[in-house]
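The values are calculated or read from the model by the stated rules, or taken from the named source; none is laboratory data. Values in this document were obtained by computation on a predicted structure and should not be read as measured data. All Cβ positions, even for glycine, are placed from backbone atoms using ideal geometry, and neighbour counts span all protein chains on display. Just so you know, the surface numbers come from the protein's heavy atoms only, side chains and all, with ligands and any DNA or RNA stripped out. Shrake-Rupley method; radii C 1.70, N 1.55, O 1.52, S 1.80 Å.
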Amino acid sequence: MTDKNHNFLLKQKIRKHARLQRLSLTMTQQDEAAKRVANIIGQDKRIKEANNFAIFISFDGEINTNYLINMLWNKNKKVYLPALHPLKNRPLLFINYTPTTSLVVNRLNLYEPPLDFKKVLSLEQIDILFIPLVAFDYYGNRLGMGGGFYDRTLQQYNNKLSCFIIGLAHDCQYYTTISLPIDRWDVPLPEIITPSFHFNWNQSFYNKKQN
Ligand SMILES: Nc1ncnc2c1ncn2[C@@H]1O[C@H](COP(=O)(O)OP(=O)(O)O)[C@@H](O)[C@H]1O
Ligand SMILES: [Mg+2]
């Protein structure tokens, strides 16, 4: 078996395991986890100065971002959601999301704001980018749902983004005993917040503009 196939199968196996883990959390556990993560972020000093937040609508047992989104709206922050580009395999678009936006279902069955190029913000204008994930390890390696969308989105900036990039996850998505299989296109996360952990690897590596 080639390395590529080996990684592909291993990633699929870990995805399946991690997705089952987070889907088996009870509603109470889900709710507690969501509140804790929203509280941690609400107390983060960086929130005050930031205006534009890219976030995601949770599905498949992902940590619920509703508290976080409402908190940001209450603080008069601008919230953006990822949307699929009409052309396949292009980086994600980030579209403004307000309490009056009616979301639509995209081809991956995920909710996104209707495409309106006037409401699209370049990732370079985003101050804090929250990223969903299926699994992560001690080094910040990230496993997504398997579409490689965030890898492609981050790769186009070649580590020159000035925003803070923060993965959000449940504790059970942390793989403590193994390092995750990675491919050459995988972009690791510089920071991850879970209800119990706050990992910070090296944001300055990403935030070269600020150096
Ligand atoms: N920067 C990129 N350039 C080309 N293809 C990419 C890039 N990033 C990801 N891909 C493609 O996306 C697919 C899924 O990537 P993978 O890292 O396994 O998914 P995920 O990051 O969602 O866990 C891969 O088969 C790969 O070919
Ligand atoms: Mg990847």
Starting from region 119-147, take each residue that is more than 21 Å from Glu62 (Cβ to Cβ) and list its partners that are of a type outside the set (A, V, I, L, M, F, W, C) and within 12 Å of ligand 2 (Cβ to nearest atom), counting only C-beta distances under 8 angstrom and pairs at least six apart or across chains. Tyr139/Pro188
Could you tell me whether region 96-116 includes any residue that is within 16 Å of ligand 2 (Cβ to nearest atom) and open to solvent by less than 30 Å² (accessible area, probe 1.4 Å)? no
If a residue counts only when it is more than 17 Å from the chain's Cα centre (by Cα) and within 30 Å of Gln29 (Cβ to Cβ), which strands (runs of 3 or more DSSP E) contained entirely in region 66-181 have at least 2 such residues? none
State the number of residues belonging to region 1-26 that are within 28 Å of His198 (Cβ to Cβ) and either over 21 Å from the mean Cα position of the chain (by Cα) or not in a helix (DSSP H, G or I) (or both). 4
